[in-house]
Amino acid sequence: MKTIKILGTGCPKCKQTEANVREAVSQLGIEANIIKVEDIQEIMAYNVLSTPVLVIDEQIKIKGKVAQVNEIVELLK
């Protein structure tokens, strides 16, 4: 099972990224543990300067922009 984290403080872009992740997982019909990380200390531990950040299995895949559903689908294949 994949672990997907969305790092962000709760801004509209972060919420859209989370919605897009859920849609991509649904489209693929896979099981994934989706975690929303809003704690600034935990976000800083990833050494990123801009959010939202998409982390799949502890690897940063997309940062600083809303990840689109089709992008996420490709990353999860």
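The values are calculated or read from the model by the stated rules, or taken from the named source; none is laboratory data. Predicted model, so just to flag it, every value in this text is computed and none were measured. With ideal geometry, Cβ positions are generated from the backbone for all residues, glycine too; neighbour counts draw on all protein chains shown. Just so you know, the surface numbers come from the protein's heavy atoms only, side chains and all, with ligands and any DNA or RNA stripped out. Shrake-Rupley method; radii C 1.70, N 1.55, O 1.52, S 1.80 Å.
For residue 2, nonlocal amide neighbours, meaning residues 5 or more places apart or on other chains whose placed amide H falls under 5 Å from its own, are 33. Suppose we keep just the DSSP beta bridges with both residues in the chain; what percent of those would be antiparallel, to 5? Given both bridge residues lie in the chain, the antiparallel proportion sits at roughly 55 percent. Normalised per residue, the accessible area of the chain is 59 Å², obtained with a 1.4 Å probe and no contribution from ligands, DNA or RNA. About its Cα centre, the dipole of the chain is roughly 200 debye, where the only charges are +1 on Lys and Arg Cβ and -1 on Asp and Glu Cβ. Heavy-atom surface analysis with a 1.4 Å probe gives the stretch 1-51 a carbon and sulfur content of 48 percent of its accessible area. In the structure displayed, which of 13/77; 36/63; 36/61; 36/77 lie more than 19 Å apart, Cα to Cα? Beyond 19 Å between Cα atoms: 13/77; 36/77.
Count the net charge of all other residues whose Cβ sits under 13 Å from the Cβ of residue 19, scoring Lys and Arg as +1 and Asp and Glu as -1.
+2
What the Kirkwood sum gives for the stretch 21-77 is a hydrodynamic radius of 12.0 Å, with every pair of different alpha carbons counted.
Against the longest alpha carbon principal axis of the chain, how many degrees, from 0 to 90 and to the nearest 10, is the axis of helix 12-28 turned? Long axis of 12-28 versus the principal axis of the chain: about 20 degrees. All other residues whose Cβ lies under 13 angstrom from that of residue 51 are scored, Lys and Arg at +1 and Asp and Glu at -1, for a net of +2.
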